[in-house]
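The values are calculated or read from the model by the stated rules, or taken from the named source; none is laboratory data. Here the structure is a predicted model, which means the values were calculated and not measured. We place every Cβ from the backbone using ideal geometry, glycine too, and count neighbours over all the protein chains shown.
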Amino acid sequence: MPSARDIVIDPAGPAPRRFLPEVQALRALAVGLVVLYHLYPAAAPGGFVGVDVFFVISGFLITGHLLREVEANGRVSLPRFWAARVRRIMPAALVTIAAVVLAALLIWPVTQWAEISKQALASVFSVQNWVLAFDSVDYLSKDNQPTALQHFWSLGVEEQFYVFWPFVVMAAAVLAGWAVRRAARASGRRRAPAPPRVRAWAVLIFCAVLLASLAYSFALVLGSDPSAYFVTTTRVWELAAGGLLAALLPAAGWSAPGWVRRLVALAGLAVLVFVALRYTAQTPFPGPGAVLPVVGTLAIIAAGRTSGWGSLHPLTDWAPVQWVGNVSYSLYLWHWPVVVAFTQLALRKPRWWEAVLLRLLGLALAAASYYLVERPARNWRFTARHTWRALGIGAAATALVAAVAVVPSVRAEAVGREQAAAAAELAKNPPPGFGAQAWDVAEGGPFVKGNAVVPIPARAGYDRRTDPGCFGDAKADSTPRCEFGDKHGKRTIALVGDSHAEQWLDVLNTLALERGTKLVSYVKKSCPFSSVPRKLERDGYSVCTKPNEATMRALEKDPPDTVIVSSWTGSSFVSDSRPGYGDYLERLKRAGSRVVVLRDTPWPALRGNAKARDCVAANPTRPEACSTPKQKALHADGLAQAAEALDGVSVVDLTDRFCSDSSCPAVIGNVLVYRDANHVGDTYLGTLAADLEARLPRGTLGPAKG
């Protein structure tokens, strides 16, 4: 996001426009809202709209530049335009990315290095928004901790806009020229034709782009698609709105009376303040919710410079405001890595006075970036008037930082190979007390001597063997039915529930194969087996009620010998979940199935919401540092409570194989228990097979083979 001053005054382009202090002040306001939102979210819960202010400003300034060039020269010099963007955007961004990547090797645990490399590469190549969009629709990614480069998503949107928008403007010029020639041929006139009306055609095309993107944004947001926040297709209408204003606004400015323009500017500012204070994470965004901040920004820009009573210019012209506007791009780049690095080191959010210090540190880094990198690179004579030289150096710098970006991933792979060798030996020849057996043989705690851990922390996220096709998506209209175990077995057991039921699938499959029993699964992400809807479903993020009822009817139509049900205790419902659980458990009983409820497994509650695998990676010789107090790891289990209130429903509780009387370790018997924030890995659950079999009601799995 180049500054307003830098975009308006373009030595490589046509005649420069006058400096717009109100636009520079808008940038100061925008970055201030974003920083405030990240450091004091309670003070400005809607501060995220600062990014939308940036989008409108960029669309306005860039489009104005392109239109003036087309009107002056009849075309846009794409190499020169892109070279200007390279000089303004790339240097500070690449320095920030490289600094974060190198700092990651010192600050972040090895388990996060590969993710940092991925996001660094995505940021280097301006596709971070699409990477985050992909992750946001992945259930396993939704509890990921934000990385220090996550904020580069908005730069990706803008830079993609800079790639295709010149072609949109040139299309307007081509159509305008075609219209003039057609009119001249139709009239048969020989005199010089009227100049092409480029702006009129631009308005038509911009409106089409704006309306198409806005409609798509509404569709995704109202459909509760989390990718809507990041993708370019739902955001480009905001930049197009700025472009539309640039096409409509006369070159000399708006000629409305001063008092009207003052009121428009004040109204625009009031709108931005209102949304910053009143918007929340629940606001439908960026579709319906983004309309107000876009309109407010357009109003302030359209009002232009005013004077007299009620004018904003005593404030917008104030030197500190203009200075923040100058460094706003660098401040946006640096403020977020500072916050994330602090959170990683302290394992908590900053206190108010720490947030003040972090803000000052961010300003200091922004000033250094602006005066030492951003401004010198923009004015460097070696590239300022040499288009291809600027593009070549930009490409070389991009390649260099991309090479730096892969360093954490390469180092993580090397560390992983070293750890994997020891882990493989341990898994091949497990000692007494391996995994859950440690509770029976270990003294002084459920640990085995040595530092080898299975699976290694960097690969713990892959410690699951469920076929993705057998694990229903949260928003799918149905729950998949899959068969495991001995598919020709005479006895059938069914596993039903959400992801915390799915985590038991591998160990149950092992036991079913040993006993010649058929195992059928009905598991769906984020969908506990209850007739009471989750709040996620009410808010449109999951579809559970109808699929659950369809599963219930399938189980009633063809009752298994045993139905095993489990669900995550972290789910929140629109009302008391117990009647909904009890309803389904009672219906399963009436259908003739034996009903068994697996009480949910404990889950970590570490400082800073750290994942167990990250904590273990950071404390390889002290796994006890990653234990959770038992009272924090256990939660009220509505499913188990509903089962206990019914006759004939068994409850199996394996909490004692996860926790001592006081704590729940992350490593038990040299096995890393959790693969992510709250799901147990298949390796540890595999060591629980004997315990699970012993505690299930007799005959559940059938007689042993042979």
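Restricting Ser369, Ser409 to those that are of a type in the set (S, T, N, Q), under 16 Å from Ala98 (Cβ atoms) and not assigned by TED's automatic domain parsing to the domain that holds Gly50 reduces the list to Ser409.
The helices (runs of 4 or more DSSP H) found wholly in segment 340-430 and carrying at least 2 residues that are touching a strand residue (DSSP E or B) at 6+ places or on another chain (Cβ under 8 Å) occupy 407-428.
Is there a residue in segment 359-376 that is surrounded by 15 or more Cβ atoms within 10 Å (Cβ to Cβ) and in contact with a His (Cβ under 7 Å, 6 or more places away or on another chain)?
There is at least one residue in segment 359-376 that is surrounded by 15 or more Cβ atoms within 10 Å (Cβ to Cβ) and in contact with a His (Cβ under 7 Å, 6 or more places away or on another chain).
Does Phe55 satisfy the condition of being at pLDDT 95 or above and under 27 Å from Arg385 (Cβ atoms)? No: the conditions fail for Phe55.
Starting from residues that are assigned to a loop (DSSP other than H, G, I, E, B) and closer than 14 Å to Cys626 by Cβ, keep the ones in segment 663-674 and report whichever is modelled with the lowest pLDDT. Out of the qualifying residues, it is Asn670.
Of the residues making up segment 196-247, those that are hydroxyl-bearing (Ser, Thr, Tyr) and free of Cβ contacts under 8 Å to residues at least 40 places away in the same chain are Ser213, Tyr216, Thr233. Pairs linking a residue in segment 57-82 that is in the same structural domain as Leu175 (by TED's automatic domain parsing) and buried (at least 16 other Cβ atoms within 10 Å of the Cβ) to a residue that is modelled with pLDDT of 95 or more and polar (S, T, N, Q), with Cβ atoms under 8 Å and 6 or more positions apart or on different chains, are Ile57/Thr297.
Taken over segment 538-555, the criterion of being in contact with a helix residue (DSSP H, G or I) (Cβ under 8 Å, 6 or more places away or on another chain) and of a type in the set (Val, Ile, Thr) is satisfied by Val543, Thr545.
Per-residue answers, yes or no, for (1) of a type in the set (Gly, Ala, Ser); (2) assigned to a loop (DSSP other than H, G, I, E, B); (3) crowded, with 17+ Cβ neighbours inside 10 Å:
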site	(1), (2), (3)
Arg613	no, no, yes
Ala625	yes, no, no
Asp661	no, yes, no
Asp691	no, no, yes
Ala694	yes, no, no
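Restricted to segment 229-275, and to residues there that are touching a Phe, Trp or Tyr at 6+ places or on another chain (Cβ under 8 Å) and among the small types (Gly, Ala, Ser), the residue that is farthest from Glu158 (Cα to Cα) is Ala247.
Please go through segment 199-245 and give me each residue that is of a type in the set (Gly, Ala, Ser), under 17 Å from Glu71 (Cα atoms) and crowded, with 22+ Cβ neighbours inside 10 Å, ordered by number.
Those that are of a type in the set (Gly, Ala, Ser), under 17 Å from Glu71 (Cα atoms) and crowded, with 22+ Cβ neighbours inside 10 Å: Ala202, Gly243.
Given the criteria over 30 Å from Leu685 (Cβ atoms) and in contact with a Leu (Cβ under 6 Å, 6 or more places away or on another chain), does Val401 qualify?
Taking the combined requirement at face value, the residue satisfies it.
Being out of contact with any Phe, Trp or Tyr (no Cβ under 7 Å at 6 or more places or on another chain) and without any contact (Cβ under 8 Å) to a residue 60 or more places away in the chain is not true of Lys546. Summed over segment 557-570, residues that are of a type outside the set (D, E, K, R) and surrounded by fewer than 20 Cβ atoms within 10 Å (Cβ to Cβ) total 2. Scanning segment 572-611 for residues that are surrounded by fewer than 22 Cβ atoms within 10 Å (Cβ to Cβ) and of a type in the set (Asp, Glu) gives Asp576, Asp583, Glu586.
For Ala200, all conditions in the list (1) under 25 Å from Ala618 (Cα atoms); (2) modelled with pLDDT under 95 hold save one; what is the number of the exception? Status for Ala200: all satisfied but (1).
For Val523, the conditions (1) farther than 22 Å from Ser593 by Cα; (2) crowded, with 24+ Cβ neighbours inside 10 Å all hold with the exception of (1).
Comparison of Pro195, Pro257 shows that the only residue that is within 26 Å of Val23 (Cβ to Cβ) and either exposed (fewer than 12 other Cβ atoms within 10 Å of the Cβ) or at pLDDT 95 or above (or both) is Pro257.
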